Amino acid sequence: MNRRSFCRDLLAGSLALALPLRSRATESAPVRIDTHAHIFTRDLPLVGDRRYAPTYDASIVDYLAMLDRNGMTHGVLIQPSFLGTDNSYMVSALRQNPKRLRGIAVLAPEADESTMRDLAGAGVVGLRLNLIGKPDPAFASPAWQAHLARVKALGWQIEVQAEAHRLQTLLPPLIEAGVPVVVDHFGRIDPKQGLSDPGFAQLLAFGPEGHVWVKLSGAYRIGSGEDGQRTAREAAERLRTAFGVKRLVWGSDWPHTQFETKASPAQARADLSTWVPDEAERAIVLRQTPAALFRFDV
């Protein structure tokens, strides 16, 4: 999909303004939950140390229209790293769609309990640590220990995006804090190493413990072309074996930031059928597990 067709896709979503925001999802439709997407507009203030800046809008209207086109009933919005800790745009969308959406916010460890409770009231169910290009957090520090205690008290999860080789160090302190841990994008396997990446083997070792979930999402971030497809397919099989299907969820990764011309929600959804070929198991990945993990009342 080229950028022109992507822009047409966003324009089609904007035309959905003529439709109710609840959209065509109905109570009788099969529940299918997209656990990873981002919304933003170009005019929002961006953080100074960003790795990426969008040149297009991906609004909540666009996102809801995308869900409808692809037969998804619910979605989880992940605060984009380039918006930093200003979660207000995402929170506004959550408040407009309290039954259909949940959110994962980004906060500094100094965030107070009142702020976190306000976010919880809006539909936020966890925090994200996007650590690509950033150092490991000082989890043992008093500030982080207090922060993790507040996260646990709210029953929130913590989502981690980091290179696979770092997970062996990053995950244990979070598990010890007693919070559910969700690993993004197949664990961010090194595209050059593929399944031989030692970090992926280390991630698989967390499977039997039952404290970690993994997102089958953003396959293009762990490899391109046929090699990337093979890596994702074989990685999904190993993750199912190590974690069990009940510890896996799926995400569209819409609007595929930095990969807009190489990915589409329809392809991401079709990929899931390859990664999890059994229909009953896909229902677990698309409904049962994410409904519980992200607190959807379905």
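The values are calculated or read from the model by the stated rules, or taken from the named source; none is laboratory data. It should be emphasised that the depicted structure is a prediction, and the values quoted were computed from it without experimental measurement. Every residue, glycine as well, gets a Cβ built from its backbone with ideal geometry; the counts of neighbours run over all protein chains shown. In case anyone asks, the SASA skips ligands and DNA or RNA and just uses the protein heavy atoms, side chains included. Shrake-Rupley method; radii C 1.70, N 1.55, O 1.52, S 1.80 Å.
Run down ASP62, ASP68, ASP57 and say which single residue is buried (at least 20 other Cβ atoms within 10 Å of the Cβ) and either more than 18 Å from the chain's Cα centre (by Cα) or modelled with pLDDT of 95 or more (or both). If you could, list the steps in order and put the result at the bottom.
Details: ASP68 fails: buried (at least 20 other Cβ atoms within 10 Å of the Cβ); ASP57 fails: buried (at least 20 other Cβ atoms within 10 Å of the Cβ).
Residue meeting the stated conditions: ASP62.
Under the condition of being within 20 Å of TRP250 (Cβ to Cβ), in a loop (DSSP other than H, G, I, E, B) and either among the aliphatic types (A, V, I, L, M) or over 13 Å from the mean Cα position of the chain (by Cα) (or both), the residues counted in the range 180-199 number 2. Restricting to the range 211-239, give me the number of residues that are at pLDDT 95 or above and not in a helix (DSSP H, G or I). Residues that pass the stated criteria total 10.
Of all the residues in the range 104-124, those that are without any contact (Cβ under 8 Å) to a residue 40 or more places away in the chain, within 12 Å of TRP156 (Cα to Cα) and β-branched (Val, Ile, Thr) number 1.
Report yes if LEU195 is farther than 30 Å from HIS147 by Cβ, of a type outside the set (Asp, Glu) and either open to solvent by less than 20 Å² (accessible area, probe 1.4 Å) or touching a Lys or Arg at 6+ places or on another chain (Cβ under 8 Å) (or both), otherwise no. So LEU195 fits the description; yes. Which residues, counting only those in the range 96-138, are open to solvent by 30 Å² or more (accessible area, probe 1.4 Å), of a type outside the set (D, E, K, R) and out of contact with any Ser or Thr (no Cβ under 8 Å at 6 or more places or on another chain)? If the condition is that a residue be open to solvent by 30 Å² or more (accessible area, probe 1.4 Å), of a type outside the set (D, E, K, R) and out of contact with any Ser or Thr (no Cβ under 8 Å at 6 or more places or on another chain), then GLN96, PRO98, SER114, THR115, ALA120, GLY121, GLY133, PRO135, ALA138 are the ones that fit. Per the conditions (1) open to solvent by 40 Å² or more (accessible area, probe 1.4 Å); (2) touching a helix residue (DSSP H, G or I) at 6+ places or on another chain (Cβ under 8 Å); (3) in a helix (DSSP H, G or I); (4) within 26 Å of ARG50 (Cβ to Cβ), the sole criterion not satisfied by THR169 is (2).
One residue stands out among those in the range 240-263 that are β-branched (Val, Ile, Thr) and open to solvent by 10 Å² or more (accessible area, probe 1.4 Å): the one that is modelled with the lowest pLDDT, which is THR261. Restricting attention to the range 79-95 and to residues that are under 19 Å from VAL160 (Cβ atoms) and in a helix (DSSP H, G or I), the residue that is most open to solvent (accessible area, probe 1.4 Å) turns out to be SER81.
The set of residues from the range 274-290 being open to solvent by 50 Å² or more (accessible area, probe 1.4 Å) and either polar (S, T, N, Q) or farther than 15 Å from THR241 by Cβ (or both) comprises THR274, GLU279, ALA280, ALA283, ARG287, GLN288. Within the range 240-271, being part of a loop (DSSP other than H, G, I, E, B) and farther than 23 Å from TYR63 by Cβ holds for one residue alone: GLY244.
Out of curiosity, is VAL160 part of a helix (DSSP H, G or I) and modelled with pLDDT of 95 or more? Please lay out each step first, then the result.
Working: part of a helix (DSSP H, G or I): no; modelled with pLDDT of 95 or more: yes.
For VAL160, the condition - part of a helix (DSSP H, G or I) and modelled with pLDDT of 95 or more - is not met.
Screening the candidates ALA236, ALA266 for the property of being surrounded by fewer than 20 Cβ atoms within 10 Å (Cβ to Cβ), hydrophobic (A, V, I, L, M, F, W, C) and in contact (Cβ under 8 Å) with a residue 12 or more places away in the chain yields one hit, ALA266.
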